[in-house]
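Below: one structure, written as structure tokens.
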Amino acid sequence: MNKLMNVDEVAPQEFFIFVNQFNWQTQHNFRLTGKFFSAGFTSLELPGFLQKFLEGKVRYLPYEPCAMELMAVSPYFLTAINDYRIEYDIEVFREKHCRLFPSRLSALYAFGSEADCVEVNRRYGWPLDSVRRFKLIDHPLNRVVRVNMEHVSLARHVYRASEFSDGDYLWRAYWSGRGNVSIKLPVLGAADETCHSGVIWEYLIEGVVEHQKSES
């Protein structure tokens, strides 16, 4: 049994993962072993890593912000740094408030039902024929958390607005497992724009999952 870390329920018996057909490393691992390892689990034997992992003190961020000498930033600037800026803010919030949760920069990403995969396909066009069933291999160090992936989708829109400064609200909702959230963005010369996240539940997994070969 694998308890989720932010809700009082048990993780699904099986997970559904979109296996990227165009990433050679993903395909190689899938065909060779039928297993996917989170980055943290592949590092457990590194000197000193296990103790940091147990204490939630592993640093996963590869780059840190530095002071900029700009009064304003261009639209291209915001677009260029958007994805990393989002991931940086999510990770910093996790480190401060829920450091034992799986890091997005280390975890495996999975869904808990075929229905969720169908909804992802409907909204984003991810190919359903790439979905495979997996089981989480029991391990005392497994960490699983259920989050609303649409909070991140919303962030990819609102972070492009230079006026947006409500990241803590959004990432508190993300890590606490909230459903739909709404954010107002100021629009020059018009009424504020209200943006809604919607809900698609996904699981972040620190551990090892194994393909269920019995599936047709």
Report yes if some residue within the stretch 53-68 is on the phi > 0 side of the Ramachandran plot and either in contact with a Gly (Cβ under 6 Å, 6 or more places away or on another chain) or modelled with pLDDT of 95 or more (or both); otherwise report no.
-> yes
Any residue in the stretch 21-28 that is surrounded by 14 or more Cβ atoms within 10 Å (Cβ to Cβ) and not in a helix (DSSP H, G or I)?
-> no
In the stretch 137-183, residue farthest from MET5 (Cα to Cα) [restricted to those that are among the basic types (Lys, Arg) and assigned to a loop (DSSP other than H, G, I, E, B)] = ARG160
Residue pairs within 7 Å by beta carbon, gap of at least six or interchain, first lying in the stretch 120-147 and closer than 24 Å to LYS213 by Cα, second at pLDDT below 95 and assigned to a strand (DSSP E or B), listed first then second, are VAL144/LEU4
Are any of the residues in the stretch 74-81 in a helix (DSSP H, G or I), out of contact with any Asp or Glu (no Cβ under 6 Å at 6 or more places or on another chain), among the aromatic types (Phe, Trp, Tyr) and over 30 Å from LEU54 (Cβ atoms)?
-> yes
May I ask you to list the residues in the stretch 138-190 that are surrounded by fewer than 17 Cβ atoms within 10 Å (Cβ to Cβ), under 16 Å from the mean Cα position of the chain (by Cα) and basic (Lys, Arg)?
-> ARG156, ARG172, ARG178
Restricting the search to the stretch 29-62, which residues are touching a helix residue (DSSP H, G or I) at 6+ places or on another chain (Cβ under 7 Å) and not in a strand (DSSP E or B)?
-> GLY40, SER43, LEU44, PHE53, VAL58, TYR60, LEU61
What do you reckon, is PHE134 assigned to a strand (DSSP E or B), touching a strand residue (DSSP E or B) at 6+ places or on another chain (Cβ under 7 Å), among the aromatic types (Phe, Trp, Tyr) and more than 19 Å from PHE53 (Cα to Cα)?
-> yes
Just give me the residues in the stretch 56-82 being among the charged types (D, E, K, R) and loosely packed, with under 10 Cβ neighbours inside 10 Å, in sequence order.
-> GLU64, GLU69
Looking only at the stretch 2-22, which residues are more than 18 Å from PHE111 (Cβ to Cβ) and not hydrophobic (A, V, I, L, M, F, W, C)?
-> LYS3, ASP8
Please verify whether the stretch 98-117 includes one or more residues that are of a type in the set (Asp, Glu) and buried (at least 16 other Cβ atoms within 10 Å of the Cβ).
-> yes
Does PHE53 qualify as being surrounded by 13 or more Cβ atoms within 10 Å (Cβ to Cβ), hydrophobic (A, V, I, L, M, F, W, C) and within 16 Å of the chain's Cα centre (by Cα)?
-> no
Sole miss for ASP89 among (1) touching an Asp or Glu at 6+ places or on another chain (Cβ under 9 Å); (2) within 30 Å of ASP138 (Cβ to Cβ) is condition (2)
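The values are calculated or read from the model by the stated rules, or taken from the named source; none is laboratory data. Predicted, not measured: the structure shown is a model, and the values here were computed from it. Cβ atoms come from the backbone with ideal geometry, glycine included; neighbour counts cover every protein chain shown.
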